[in-house]
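This report concerns only the one structure given below.
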Amino acid sequence: MICLEKVSKFYPTEAGNYAALKENDIHIRKGEFIAIMGPSGSGKSTLLQLIGGLDEPSFGSISVDGIQLNELNEKQRTLFRREKVGFVFQNYQLLPMMTVAENVGLSLAANKAPKSEIKAIVQRLLEDVNLEGKASQFPSQLSGGQQQRVAIARALAMKPSLILADEPTGNLDRKNGEDVLKLLSRLNKEEQITIVMVTHDPQAAKAADRIIRIEDGEVVGEETNGGNRQ
Ligand code: ADP
Ligand code: MG
């Protein structure tokens, strides 16, 4: 499903190039739920951005669902992100001037789906994340947990084969965090959506099938939940 080969990412800084990721080989199977753990600054968000086609590696190759990201032009990359990947962020990243329904329907509208179809899909997605009745509210009127569930509904709108979640429970209290993890687990098990989730929280990482540990831009180990196989 996801295959990284010798992937490095350098950011230019005043002191020269900074290596945020160093020659990483990572393989993730279709339908896996992966947790990425590591200290702050170890390259976790950079890794998700590369897998999701938000940024390009400096060296190495990445394929997702059989698509070689290196070979895509800008327009193909945009379509890849919109159609294959659902992004979920720590701070939800909803558009504040748009209603819940408009936020969830954003990619569908960008893909020029008919209005009636968008409305039906959005309604079903909001039911799916337990937010029926909130369609015409604005993000600021919702709790953090509700906003994150809107963000997950938005991520699901295009039926992605992959969800990339960057600390999705990082701003939530325990109860709301658990609800979000349960939702992600259900999507993984029932809809076979591959999930790659960055988290600091060992409790959250227990939702995953496998934990990949990264330090200083390098994968330093991995554990399958239920056993350690380094
Ligand atoms: P994490 O998500 O694990 O905290 P990041 O992937 O955000 O780590 O960042 C990895 C390293 O790369 C950090 O040292 C960070 O400061 C640096 N970095 C991230 N993005 C940029 C950027 N756009 N320009 C320069 N340095 C960056
Ligand atoms: Mg980060």
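The values are calculated or read from the model by the stated rules, or taken from the named source; none is laboratory data. On a predicted model such as this, the values are computed, not experimentally measured, just so you know. Glycine also receives a Cβ, built like all others from the backbone with ideal geometry; neighbour counts cover every protein chain displayed. Keep in mind that these areas ignore ligands, DNA and RNA; they rest on the heavy atoms of the full protein, side chains included. Shrake-Rupley method; radii C 1.70, N 1.55, O 1.52, S 1.80 Å.
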Return the pairs, sorted by first residue and then second, in which the second residue is open to solvent by 30 Å² or more (accessible area, probe 1.4 Å) and not in a loop (DSSP other than H, G, I, E, B), the first residue lies in region 86-113 and is at positive phi, the beta carbons are less than 7 Å apart, and the residues are 6+ apart or on different chains. Tyr92/Gln147
Anything in region 115-134 that is aliphatic (A, V, I, L, M) and within 23 Å of the chain's Cα centre (by Cα)? List them, or say none. Ile118, Ile121, Val122, Leu125, Leu126, Val129, Leu131
Pairs, please: C-beta under 6 Å, at least 6 apart or cross-chain, first residue within 23 Å of Ile28 (Cα to Cα) and in region 1-17, second of a type in the set (Asp, Glu)? Glu5/Asp25; Lys6/Glu23; Ser8/Glu23
Of the residues in region 115-159, those that are small (Gly, Ala, Ser) and touching a residue at least 12 places away in the same chain (Cβ under 8 Å) come to Ala135, Ser136, Ser140, Ser143, Gly144, Gly145, Ala151, Ala153, Ala155, Ala157
Per the filter on region 122-164, residues touching a helix residue (DSSP H, G or I) at 6+ places or on another chain (Cβ under 6 Å), of a type in the set (S, T, N, Q) and closer than 24 Å to Val196 by Cα are Gln147, Gln148, Ser161
Would it be correct to say that Ser8 is within 24 Å of Gly221 (Cβ to Cβ), among the hydroxyl-bearing types (Ser, Thr, Tyr), within 16 Å of ligand 2 (Cβ to nearest atom) and at pLDDT 95 or above? no
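Conditions (1) away from ligand 1 (no atom under 16 Å from the Cβ); (2) touching a Phe, Trp or Tyr at 6+ places or on another chain (Cβ under 8 Å), marked per residue:
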residue	(1), (2)
Cys3	yes, no
Lys6	yes, yes
Met37	no, no
Gly41	no, no
Asp65	yes, no
Glu74	yes, no
Phe80	yes, no
Tyr92	yes, no
Ala101	yes, no
Tell me which of these Val129 doesn't satisfy, since it passes every other one: (1) within 20 Å of Ser185 (Cβ to Cβ); (2) touching a strand residue (DSSP E or B) at 6+ places or on another chain (Cβ under 9 Å); (3) buried (at least 20 other Cβ atoms within 10 Å of the Cβ). (2)
Is there a residue in region 31-48 that is surrounded by fewer than 21 Cβ atoms within 10 Å (Cβ to Cβ), in contact with a Lys or Arg (Cβ under 9 Å, 6 or more places away or on another chain) and free of Cβ contacts under 8 Å to residues at least 24 places away in the same chain? no
Filtering region 82-113 down to residues that are over 25 Å from Ile195 (Cβ atoms), modelled with pLDDT of 95 or more and exposed (fewer than 15 other Cβ atoms within 10 Å of the Cβ) yields Pro96, Met97, Met98
Restricting to region 190-212, give me the number of residues that are open to solvent by less than 10 Å² (accessible area, probe 1.4 Å), within 16 Å of ligand 2 (Cβ to nearest atom) and either charged (D, E, K, R) or within 14 Å of the chain's Cα centre (by Cα) (or both). 4
List, please: which pairs have Cβ atoms under 6 Å, are six or more places apart or on different chains, and start with a residue in region 160-189 that is under 11 Å from Gly145 (Cα atoms) and open to solvent by 50 Å² or more (accessible area, probe 1.4 Å) and end with one that is part of a helix (DSSP H, G or I) and away from ligand 1 (no atom under 16 Å from the Cβ)? Asn171/Gly144
Check region 58-68 and report whether any residue there is within 16 Å of ligand 2 (Cβ to nearest atom), surrounded by 15 or more Cβ atoms within 10 Å (Cβ to Cβ) and either modelled with pLDDT of 95 or more or closer than 26 Å to Pro12 by Cα (or both). no
